[in-house]
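Following: one structure in structure tokens, then a few remarks.
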Amino acid sequence: MKALQNLFDSIKPNFEKGGKWEKFHTLYEGHRTIAFAPDLVTKAKGAQIKDATDLKRIMITVVIAMVPALLFGILNIGHQHFIATGEGSTWVDQAIFGALAVLPTLIVSYAVGLATEFTFCVIRNHPVSEGYLVSGMLIALVMPPFIPLWQVALATIFAVVIGKEVFGGTGMNILNVAMTARAFLYFAYPAQISGDQVWTYLGDKAAVDGFSGATALGVAYGASVEGTPVAEALATHNASLGGDFSFMNMFMGWIPGSIGETSTLMALVGAVILVATGVASWKIIVGGFSGAYVMGLVMNALAVNEYMAMPAHYHLVMGGLAFGVVFMATDPVSAAQTELGKWIYGILIGVLTVIIRVTNPAYPEGIMLAVLFMNVMAPLIDYYVVKANKTRRLQRATV
């Protein structure tokens, strides 16, 4: 570390005011502070409040919380491939195959996103923020396993520029960056992020007879159209191949889907880390799951088709609900800030997710649109919560 510090110190004059690379000072500081604490210190007199947790540590905590979902996603991609081709495999084979699929997407997401961030930092002469440490991984985890890398790059640029930088950069965006990237791909290139063929990679091999690459939500909708009970259709889907959509398999995550969103269990592990470290609000997480479950019960009561009659608790383990509630909805920048507002915000995300799933056959997953819509509504929720609090306090003061 001493040698690395000496290297940074030796080139530092070139990036200071008057140096030949002065305009790249933000890039120098961004790389230096990865390994060392910033040189900036507070010089003002008076009382000061210090906290050992800075933005970098918060972002690293979120990344650590996502690692279980990433590792499971790598294993599951290989698992789905070998089920589809009917080949025998060990968990090592599955992990290697999955890693070869996921790592290029992850590398492109980080490389393109950081390059875009650095470009804006140089142009605006702003310090480099650590915010993209989280967004880069999130973008990769919400992508299908084998989406074209150029589309990942394009979606990343769009999300960073339109979803973040136009609002002022880290801490100023009103939309979740990763969900913005996914929404861009969904509406610009729907064939690569929807349907039954994009969730399992076959390569140059053919799928065995009876295999279907549909997601659990796709199977549920198809069963509803045919008039088959959804729970029965899920339990028998690919059952002869060992890839059925039982409740336990869906909870564990052994189902087709985006890289990191299939496992509810891994999302809950991440939730424990985020809540225990104080990074995420447990109110939003509990509200999201509660809203989805209650809305599922409402759909059961109003059931006019098999999809609406599907057991309410199935909604909690299908699609990307768990991943979205834990990692997307809790984004402290785009989420509600007031305590009551967090409850309202989380509950409405769960409610909207189920409504979109059940009532919109063109889009069987609803968490993406639910999170983005509530991102936009979060300031309004906080406004009325604060207004109600002020009104209540004024009434107390006048009594």
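The values are calculated or read from the model by the stated rules, or taken from the named source; none is laboratory data. The structure displayed is predicted, hence computed values, not measured ones. Cβ: placed from backbone, ideal geometry, glycine included. Neighbour counts: every protein chain shown.
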Which of the following residues is modelled with pLDDT under 85, surrounded by fewer than 15 Cβ atoms within 10 Å (Cβ to Cβ) and either among the small types (Gly, Ala, Ser) or in contact with an Asp or Glu (Cβ under 6 Å, 6 or more places away or on another chain) (or both): ALA191, ALA207? ALA191
Is there any pair linking a residue in segment 106-123 that is among the acidic types (Asp, Glu) to one that is in a helix (DSSP H, G or I) and crowded, with 18+ Cβ neighbours inside 10 Å, with Cβ under 6 Å and at least six apart or on different chains, and which? GLU117/TYR132
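Just one of ILE83, ILE77, ILE107 is farther than 28 Å from ALA276 by Cβ and in contact with a Leu (Cβ under 6 Å, 6 or more places away or on another chain); which is it?
Just one listed residue meets the conditions, ILE83.
Table: residues versus (1) surrounded by fewer than 24 Cβ atoms within 10 Å (Cβ to Cβ); (2) part of a helix (DSSP H, G or I); (3) at pLDDT 95 or above; (4) of a type in the set (A, V, I, L, M).
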{"position": "LEU274", "(1), (2), (3), (4)": "yes, yes, yes, yes"}
{"position": "LEU297", "(1), (2), (3), (4)": "yes, yes, yes, yes"}
{"position": "ALA322", "(1), (2), (3), (4)": "no, yes, yes, yes"}
{"position": "VAL333", "(1), (2), (3), (4)": "yes, no, no, yes"}
{"position": "LYS342", "(1), (2), (3), (4)": "no, yes, yes, no"}
{"position": "LEU348", "(1), (2), (3), (4)": "yes, yes, yes, yes"}
{"position": "THR353", "(1), (2), (3), (4)": "no, yes, yes, no"}
{"position": "ALA362", "(1), (2), (3), (4)": "yes, no, no, yes"}
Residue in segment 276-295 that is surrounded by the fewest Cβ atoms within 10 Å (Cβ to Cβ), counting only those that are at pLDDT 95 or above, under 16 Å from the mean Cα position of the chain (by Cα) and β-branched (Val, Ile, Thr): ILE285
Of the candidates TYR307, TYR293, the one satisfying the condition of being in contact (Cβ under 8 Å) with a residue 40 or more places away in the chain and part of a helix (DSSP H, G or I) is TYR293
Specify the residue that is nearest to PHE323 (Cα to Cα); the eligible residues are those in segment 232-256 that are surrounded by 18 or more Cβ atoms within 10 Å (Cβ to Cβ), out of contact with any Phe, Trp or Tyr (no Cβ under 7 Å at 6 or more places or on another chain) and aliphatic (A, V, I, L, M). MET250
Given the conditions (1) buried (at least 21 other Cβ atoms within 10 Å of the Cβ); (2) at pLDDT below 85; (3) of a type in the set (Lys, Arg), every one holds for ARG124 apart from (1)
